[in-house]
Amino acid sequence: MSFAPSFMTELHARVSLSALIGERVALRRRGREWVACCPFHGEHTPSFTVVEAKGFFHCFGCGANGDAIGFLRAFYGLGFVSACCAPATRIMS
């Protein structure tokens, strides 16, 4: 199954990446970015960064990176369609 590019653009525009990730990971504000300990590998100092303005996350420890859909896929092990439907049903209701 594929989604129209306009749907994906609107989904990325309407989903707050820091809110979506912040519900699952304890984020702290650092300047214009958010930081946390990476949920994908064990660590003691924050290397996981969320850049809301650019719409992506990146871990400098393990190299995990992506957007809102990529985070949900990696965090929960979801497929692409399931990862798209989760935030879409939340913002459309």
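Quick look at the numbers
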{"read-out": "Count of segment 40-67 residues which are modelled with pLDDT under 95 and outside any loop (DSSP other than H, G, I, E, B)", "value": "0"}
{"read-out": "Exclusive hit being in contact with a helix residue (DSSP H, G or I) (Cβ under 7 Å, 6 or more places away or on another chain) and over 22 Å from PHE3 (Cα atoms), set ALA86, ALA53, ALA64", "value": "ALA64"}
{"read-out": "Residue list for segment 70-89, filter: part of a helix (DSSP H, G or I) and under 19 Å from HIS41 (Cα atoms)", "value": "GLY70, PHE71, LEU72, ARG73, ALA74, PHE75, TYR76"}
{"read-out": "Test: residue in segment 55-70 that is touching a residue at least 24 places away in the same chain (Cβ under 8 Å) and in contact with a Lys or Arg (Cβ under 9 Å, 6 or more places away or on another chain)", "value": "no"}
{"read-out": "Residues located in segment 1-39, provided they are open to solvent by 30 Å² or more (accessible area, probe 1.4 Å), part of a loop (DSSP other than H, G, I, E, B), modelled with pLDDT under 95 and of a type in the set (A, V, I, L, M, F, W, C)", "value": "MET1, PHE3, ALA4"}
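The values are calculated or read from the model by the stated rules, or taken from the named source; none is laboratory data. Note that the structure is predicted; figures quoted are calculated from it, not measured. For neighbour counting, all protein chains shown are included, and Cβ atoms are generated from backbone atoms with ideal geometry for every residue, glycine included. Heavy atoms of the whole protein, side chains included, go into the accessibility calculation; ligands, DNA and RNA do not. Shrake-Rupley method; radii C 1.70, N 1.55, O 1.52, S 1.80 Å.
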